[in-house]
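Any read-out appearing in this document is the output of simple, stated calculations on the displayed coordinates, not a laboratory observation. Note that the structure is predicted; figures quoted are calculated from it, not measured. Because the Cβ atoms are built from the backbone with ideal geometry, glycine has one as well, and the counts that use them run over all protein chains shown.
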């Protein structure tokens, strides 16, 4: 996609423009602008795939330019990364509020900028896929057709939640719930060592992850400006656009989302414990199989011993008969030797019979192990 | 690790992380030298503009200029100047007295300009 991927870079420092061009020009087409106004003028003629925006600009600043981009239906899905030496949580929140997807701090290393470009290219590829368009269409039609009240939406979510059997399904379900309440938001699921953050804009967008990491420390329910955050151990739901003009609806939303977040947390806990159980079962199965294999090895060794023992007895008898012929023994002498050997053979057969009994016991044990393994 | 542990043929400038900065120009030393030489005029000029803006009570203008200087010095690898510009910007944003940081900035900008002139020559060759 590299050379067909166009990046608009806006920065009032010509040095920064030159550096960005130098670093990225092998991987994409670059257009540079010293101010937002020049960029907006060019947008009338050409739509890029990605924006890199400085925040401090003469005239229209980077935040305002980003809002204009996101208000344009033809550009609203185009990723925006802010490139600035501002780096406080307030700056990041303002960048996020303006609709930005990512943030990079000056001075940056070339590798970091290239990584941001790669993330944006992947994002654009995903957006272009038919699946995304189909999902949008499905969502729109479901919104149009569904004539449910808020509680109905919540109940429907709860009933579907029970059937969600992995963290990704739960995250997508929670995001869809917010969308059905006509809210823009972000969901973060933390299950074991895996964390995933999703929103309508994409998955694990660095700026969203950074904001969630900040707000998840702020208590169970946290509200600021138009945002509302619901934190549980394994889930954070963040609404970006509370309808503040309708305080009653805001109050109901708070209750609905708290309930949903709590249910999601419980579901995730169940998934976690089910996964732990599956792991323990797999270990038990593996141990039973190992024991079964060892039992069969013992059985095989025992069987070999038995065969070898029988052969030894047979060889002894044949050797004895041969000896009688060669030695020219008297009848009493032969009888004495036959009695001695006969007694020994009888004892050996008893030992071998005992070995056979051990073999049968090992086979029975193996059958029981197979039953335990469910075979 | 000392960033100024140079490979043969690269620049050594006191107080400048030249290797990291040169990487931003994809190792094009000629372009990096160009911007360093440009700093000889840019640095004192912007420091003068900041002083003037403060003197005329143009608070926002002084903040924006400090911010620009911070960005430029960071990209050029001038770590100390970057840090002083950041302190001046923060001082101005917080409405605190900025005279000491401004004087420190002017002094360091002058030193940097002299260092660049000395190492790269008056014409920068």
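Once both labels are modelled 7 Å past Cα along the beta-carbon direction, what's the residue A:218-residue A:71 spacing in nm?
Roughly 2.5 nm, to one decimal.
Given the convex hull over the Cα atoms of chain B, what projected area results after averaging over all orientations, in nm²?
7.7
Averaging sequence separations of C-alpha pairs under 8 Å and six or more residues apart, then dividing by the length of chain A, give the relative contact order as a whole percent.
Value for chain A: 10 percent.
Does the stretch A:148-274 classify as rounded, prolate or oblate by the C-alpha gyration tensor (a ≥ b ≥ c root eigenvalues; a/c under 1.5 gives rounded; else a/b over b/c gives prolate, otherwise oblate)?
Since a/c reaches 1.5 but b/c is at least a/b, the shape of the stretch A:148-274 is classed as oblate.
So what's the gap between the Cα centers of the stretch B:56-125 and the stretch A:216-235, to the nearest angstrom?
When both Cα centres are located, 40 Å separates them.
Give, in nm to one decimal, the length gained when the segment between residue A:128 and residue A:40 is fully stretched (0.36 nm per residue of separation minus the Cα-Cα distance). Show your work: numbers first, answer last.
Numbers: separation 88, 0.36 × 88 = 31.68 nm, distance 2.34 nm.
Here the segment from residue A:128 to residue A:40 would lengthen by 29.3 nm.
7 Å from Cα along Cα→Cβ at both residue B:83 and residue A:47: what's the point-to-point distance in nm?
With each label placed 7 Å out from Cα toward Cβ, I get 4.7 nm.
Go ahead and run the numbers for FRET between residue A:363 and residue A:336, Cβ-Cβ distance against an R0 of 51 Å, rounding to 0.05.
Computed FRET efficiency for residue A:363 and residue A:336: 0.80.
Hey, what did chain B get for relative contact order, percent, Cα under 8 Å, at least 6 apart?
Relative contact order comes out at 29 percent.
Within a 10 angstrom radius of each residue's Cβ in A:44-57, how many Cβ atoms of other chains show up on average? Whole number is fine. Don't jump to the answer; show the numbers that get you there.
Details: counts 0, 0, 0, 0, 0, 0, 0, 0, 0, 0, 2, 1, 6, 1.
Partner-chain Cβ atoms within 10 Å, mean over residues of A:44-57: 1.
For helix A:247-327, report the angle its Cα long axis makes with the longest principal axis of the Cα atoms of chain A; keep it between 0 and 90° and round to the nearest 10°.
On a 0 to 90 degree scale, this one is about 20.
I need the per residue convex hull volume for the protein assembly as shown, using only the alpha carbons, in cubic angstrom as a whole number.
296
Under the rule of -39500 (n - 2.57) per DSSP H run of 4 or more residues, summed and divided by the residues of the protein assembly as shown, what mean residue ellipticity at 222 nm is obtained, to the nearest 500 deg cm²/dmol?
Details: 16 runs with 322 residues, N = 500.
Computed ellipticity for the protein assembly as shown at 222 nm equals -22000 deg cm²/dmol.
Can you tell me the orientation of helix A:62-71 relative to chain A, as the angle in degrees between its alpha-carbon axis and the longest Cα principal axis, to the nearest 10?
Long axis of A:62-71 versus the principal axis of chain A: about 80 degrees.
Only Cα pairs within less than 10 Å get springs; with that Gaussian network setup on chain A, which residue of A:352, A:15, A:139 has the largest fluctuation?
In the Gaussian network model the winner is A:352.
Please check: in the Gaussian network model of chain A (C-alpha springs, under 10 Å), which one of A:99, A:219, A:342 has the largest mean-square fluctuation.
For chain A, modelled as a Gaussian network with Cα springs under 10 Å, the answer is A:342.
Test of understanding: in a Gaussian network model of chain A with alpha carbons linked when under 10 Å, which of A:92, A:225, A:31 would top the mean-square fluctuation ranking?
Fluctuation is largest for A:225.
Give the calculated FRET efficiency between residue B:103 and residue B:59 to the nearest 0.05, with a Förster radius of 30 Å applied to their Cβ-Cβ distance.
On the way: r = 18 Å, r/R0 = 0.61.
Efficiency for this residue pair is about 0.95.
Along Cα→Cβ, 7 Å out, is where each label goes; now give me the distance between the ones at residue A:284 and residue A:269 in nm to one decimal.
Roughly 2.3 nm, to one decimal.
Given a Förster distance of 41 Å, report the FRET efficiency between residue B:110 and residue A:233 from their Cβ-Cβ distance, rounded to the nearest 0.05.
0.15
Quick check on the stretch A:282-372: take the gyration tensor over C-alpha atoms, sort the square-rooted eigenvalues as a ≥ b ≥ c, and tell me if it's rounded (a/c under 1.5), prolate or oblate. Display every interim value, and only then the final one.
Details: a/c = 7.44, a/b = 3.94, b/c = 1.89.
It is prolate, given that a/c is not under 1.5 and a/b is the larger ratio.
Ranking A:298, B:76 by Cβ neighbours within 10 Å, fewest first, what do you get?
Neighbour counts put them in this order, fewest first: A:298, B:76.
When A:232, B:39 are ordered from fewest to most other Cβ atoms inside 10 Å of their Cβ, what list results?
A:232, B:39
Hey, fewest Cβ within 10 Å first, where do A:66, A:325 land in order?
With the sparsest Cβ surroundings first, the list reads A:325, A:66.
Please give the average number of partner chain Cβ atoms lying within 10 Å of the Cβ of each residue in B:62-75, rounded to a whole number.
Per residue, the number of nearby Cβ atoms from other chains is 4 on average.
How far, in degrees from 0 to 90, does helix A:110-128 lean away from the longest principal axis of the Cα atoms of chain A, to the nearest 10?
For A:110-128 against chain A, the angle is about 90 degrees.
Determine the equivalent ellipsoid of the stretch A:2-128 by diagonalising the alpha-carbon gyration tensor, then write out the semi-axes as square roots of 5 times the eigenvalues, largest first, rounded to whole Å.
Values for the stretch A:2-128, descending: 18, 17, 15 Å.
In whole percent, what relative contact order does the stretch A:1-82 give with Cα contacts below 8 Å and a gap of six or more residues?
That works out to 32 percent.
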